[in-house]
Each structure stands twice: as structure tokens, then as C-alpha cells.
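Asker: One structure, pasted below without further comment.
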Amino acid sequence: MSIVNRTLLRPAAAAGALWLVSGVIQLRAAQEPYFAQALTLVVPSPNAEFWRWPAPWSVFALLIGAVSIAAIMLVVTAWDSRGTRVRPHFTSVWFAVIVAGAMVGLAIDAIGALALFPEVGIDALKLVQIESGLIGAYWGLVQGWIPALY
């Protein structure tokens, strides 16, 4: 008997894949600034900052984000279904995507604060903007219905 049933794995895998696709689309759109501004309304992604990082770390950060999205989705949808074999509700899966996007975005913001900490000390908390957390939540709101269909 498996701990997580397949009805929970499908939306989680779809959300992780959607995170990856959004990040790759942002990479391609970054080459055209006007296109990137219009695209952020349809395909929001806090992954735009990753592509400024050195080559292996940018891809690694994108993959960690996708795995984190999928893991958070599994936890939230498993809590909703509470061990039953019943498919989770559409709205709970959509809400789980919003929560997962916000949490991963907030983790990105926290990493930004930690990166500033050695230079400016405790004042790093005043300099950090909670931008990626909001974009992550918006990503879940705009695109979260797609994994909810699974």
C-alpha cells in the first residue's frame, strides 16, 4: 500500500511541471523586454531573478522550486483528502497551488535577505522586498486551475 495515492501525485506533478514551464518561458521572454512585460501578466513567475545567476545555479534553483511546489502540493492535498481514495476538491487543489507558489516565492525572498545580511547586517530586513512571494501567489492564482483539473 502506498503512502500517497496517484490521485494526489498527478496535480502535484502538474504543478511542478507548470513551475518549470513558467521559468523556461520567462527565460525566453527575458530576451525581448516588451514581450516580457506583457507575458508576466499571463505567465507570472518569480523565476526571472534566477536567470541572472551563474549557469548551474539558475537551473538548480528552478528545479528546487519545482520539487518544492510538488512537495507542498502533496502535503496540502493529502491533508484535504485525509487518506481517502477520493479525488481532492478542485478548489482545494487550486488553493494548494496558490499556497505552494507563495511559500516558494517567500523562500526566494528569504534567500535574498540572507544574501544581503553579511553586507548590511540586520538592516537587510529593511531592504528586502517581499516581491517573489507575491508573484508566487499570483502565479498560483493565474495558473493553479490547470493542476486542479487533474
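Asker: To the nearest 10 degrees, how steeply does helix 6-29 sit against the main Cα axis of the chain, on a 0 to 90 scale?
Answerer: In the chain, helix 6-29 runs at an angle near 30 degrees to the longest axis.
Asker: Express in % the proportion of alpha carbon pairs of the chain at distances exceeding 23 Å.
Answerer: 39 percent
Asker: If one takes the longest principal axis of the Cα atoms in the chain, at what angle in degrees, from 0 to 90 and to the nearest 10, does the Cα axis of helix 90-120 lie?
Answerer: On a 0 to 90 degree scale, this one is about 30.
Asker: To continue, here is another question. Please get the size of the charge dipole for segment 10-150, origin at its Cα centre, with Cβ charges of +1 on Lys and Arg and -1 on Asp and Glu, quoted in debye to the nearest 20.
Answerer: Computed about the Cα centre, the dipole is about 600 debye.
Asker: While we're on this one: Students often check this: by mean Cβ neighbours within 10 Å, which of 37-44, 10-17 ranks highest, and how do the rest follow?
Answerer: Most protected by this proxy first, the peptides run 10-17, 37-44.
Asker: Per-residue counts of other Cβ atoms within 10 Å, averaged by peptide: what ranking do you get for 120-129, 138-147, 61-70, highest first?
Answerer: Answer by packing, highest mean first, reads 138-147, 61-70, 120-129.
Read-outs: derived from the displayed coordinates by stated rules, not from any lab. Computed from a predicted model, the values in this text were never measured in an experiment. No Cβ is skipped: glycine too gets one built from the backbone with ideal geometry, and neighbour counts run over all protein chains shown.
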